[in-house]
Number of protein chains: 2
Amino acid sequence: MTDTMATATIEADPTLPIIRISRDFAATPAQLFRAHTDPELFARWVGPDATTTTVDRWDASTGGSWRFVGTHDGMEFGFHGCFHEVRPDRIVQTFTWEGDPDGVALETLTFEDLGGGRTRLHVQSLCDSFEGRDAWLRSGMETGVDQGYAKLDALLAAGQIAEGARA
Amino acid sequence: MTDTMATATIEADPTLPIIRISRDFAATPAQLFRAHTDPELFARWVGPDATTTTVDRWDASTGGSWRFVGTHDGMEFGFHGCFHEVRPDRIVQTFTWEGDPDGVALETLTFEDLGGGRTRLHVQSLCDSFEGRDAWLRSGMETGVDQGYAKLDALLAAGQIAEGARA
C-alpha cells in the first residue's frame, strides 16, 4: 500500500557540527506539519519499530515545550526540549537525550512543497561540538530515522493524517 | 562604589560558529542566577545604557519562554526565545533578534563559583553559520555586553540583588 519513496539522506556537514536529514513524503506540507505537532500522531511514527513512544509533555506552539519517553525491551529513553518557533513551514526546537543530560542540539525542521502532494522534509541538527555530533551519528540513529519515516509513510498511505489545524 | 572588575572577554571560536563571553562578578552564583531569571532585575541591567528594556513574556523555568523589547531613540528591538533548561548553575535558552527573525542562536550560561563571593559568568552562543556568528560580532554587541554588565556590577554593589529563590 505504501508508496516506495526515496530513503532519508543523512549528511554530516564538513565544516559545521551539523547533521542534515532530508526525506520526501507523499504528503502536503500541512500533513507533515500535523504529523510533527499532533502528539498522538507523532507518538505513532517516531523512532524505531521496536520502540513504544509515550508523550509526557507537549505544547507544540512557539514558546512551548515537549518531552517523550521511548520504551524498548523494558528500558526507557527520555527526550525533551522547548519549541523556539512553530509555524506552518518551519519548526525550531531544542533536543536533549536524557542519557546525556547536558547535551543539547538545536533542530530546525522545514517542509518544502514539491507540488503534486509531495513534500521534502529537511531536518538540521546543530550541536556544539564535532565530537557530540559524530557520537550521535555513530549511535545507530539511522535505524530510528528510517523506520520512523517508514511508519509515517504508512500512516499517510492509510489516510490517517488529515490536513488542517489540530483540534 | 562599584568594584573595578575585569571587563568581559568576547572570543570567536576558530573552528566552531560560537561566541564565548566570560566575565567575573563580585557576586555569588545564586545572585547571578537571580539577575538572569528575575524579570524586573534583568530589565534593569541588560543592554546598552541608552536602551530601556521592557519584558513582554517571561517564564524562567525549564520549558518556559521569554520575550523582551529594547527601546532606543524611539526604535524598538525585540528579542525572544525559549528556556531549554533553567537550573542553579546553568541556563540553556534559544535567542532570536526579531530584526533577523529566522536567525536563532543556542545560548548556554554557566555560573562558575570562584569562592570568596566571586563568580565567573560564561556565556556560549552557538550559531548555525560562521557568517551569522561574524555578523553578530560586527554588530557592536560589545557595547551592550560591557555596559550591561557594568549596570549589573552597580546593582550588586548597591545591594539590590539578594540571594535565594525568586518569589
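The values are calculated or read from the model by the stated rules, or taken from the named source; none is laboratory data. Predicted model only: the values in this text are computed from it and were never measured. Every residue, glycine as well, gets a Cβ built from its backbone with ideal geometry; the counts of neighbours run over all protein chains shown. With ligands, DNA and RNA removed, areas are computed over all heavy atoms of the protein, side chains included. Shrake-Rupley method; radii C 1.70, N 1.55, O 1.52, S 1.80 Å.
Determine, yes or no, whether B:GLU142 is surrounded by fewer than 16 Cβ atoms within 10 Å (Cβ to Cβ) and in contact (Cβ under 8 Å) with a residue 60 or more places away in the chain.
Values: surrounded by fewer than 16 Cβ atoms within 10 Å (Cβ to Cβ): yes; in contact (Cβ under 8 Å) with a residue 60 or more places away in the chain: yes.
In short, yes.
Out of region A:17-28, which residues are of a type outside the set (S, T, N, Q) and open to solvent by 20 Å² or more (accessible area, probe 1.4 Å)?
Across region A:17-28, the qualifying residues are A:ARG20, A:ASP24, A:ALA26.
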Residue hits (region A:35-80; in contact with a helix residue (DSSP H, G or I) (Cβ under 9 Å, 6 or more places away or on another chain), surrounded by 17 or more Cβ atoms within 10 Å (Cβ to Cβ) and more than 24 Å from A:GLU142 (Cβ to Cβ)) are A:TRP58, A:ALA60
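Return the residues of region B:101-127 that are open to solvent by 50 Å² or more (accessible area, probe 1.4 Å) and closer than 27 Å to B:PRO88 by Cα; say none if nothing qualifies.
Quick first cut of region B:101-127, residues open to solvent by 50 Å² or more (accessible area, probe 1.4 Å) only: B:101-102, B:112-114, B:116, B:118, B:120, B:122.
Scanning region B:101-127 gives B:GLU112, B:ASP113, B:LEU114, B:GLY116, B:ARG118, B:ARG120, B:HIS122.
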When region B:74-104 is checked residue by residue, the ones that are facing another protein chain (nearest Cβ under 8 Å) and of a type outside the set (D, E, K, R) are B:HIS80, B:GLY81, B:CYS82, B:PHE83, B:HIS84, B:VAL92, B:THR94, B:THR96, B:VAL104
Selection status of B:PHE95, in a strand (DSSP E or B), under 22 Å from A:VAL104 (Cα atoms) and either open to solvent by 50 Å² or more (accessible area, probe 1.4 Å) or of a type outside the set (Ser, Thr, Tyr) (or both):
yes
Any idea how many residues of region B:89-109 are aromatic (Phe, Trp, Tyr) and either closer than 11 Å to A:HIS84 by Cβ or in contact with a helix residue (DSSP H, G or I) (Cβ under 6 Å, 6 or more places away or on another chain) (or both)?
1
Here are some conditions: (1) over 18 Å from A:GLY63 (Cβ atoms); (2) hydroxyl-bearing (Ser, Thr, Tyr); (3) within 11 Å of chain A (Cβ to nearest Cβ). B:SER61 meets all but one. Which one does it not meet?
(1)
Looking only at region A:41-54, count every residue that is within 13 Å of A:VAL69 (Cα to Cα) and without any contact (Cβ under 8 Å) to a residue 60 or more places away in the chain and tell me the total.
5
Checking B:THR7 against (1) β-branched (Val, Ile, Thr); (2) within 14 Å of chain A (Cβ to nearest Cβ); (3) part of a loop (DSSP other than H, G, I, E, B); (4) touching a helix residue (DSSP H, G or I) at 6+ places or on another chain (Cβ under 9 Å), the condition it does not meet:
(2)
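Restricted to region B:110-141, and to residues that are part of a loop (DSSP other than H, G, I, E, B) and within 14 Å of chain A (Cβ to nearest Cβ), which residue is farthest from A:HIS80 (Cα to Cα)?
Taking region B:110-141 first, the residues part of a loop (DSSP other than H, G, I, E, B) are B:116-117, B:127-129, B:138-140.
Filter once more, so that each one left must be within 14 Å of chain A (Cβ to nearest Cβ): B:127-129.
On the way: B:CYS127: 21, B:ASP128: 21, B:SER129: 25 Å.
Only one residue fits best here, namely B:SER129.
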Looking at region A:82-91 only, could you name the residues that are surrounded by 15 or more Cβ atoms within 10 Å (Cβ to Cβ) and in contact (Cβ under 8 Å) with a residue 24 or more places away in the chain?
A:PHE83, A:VAL86, A:ILE91
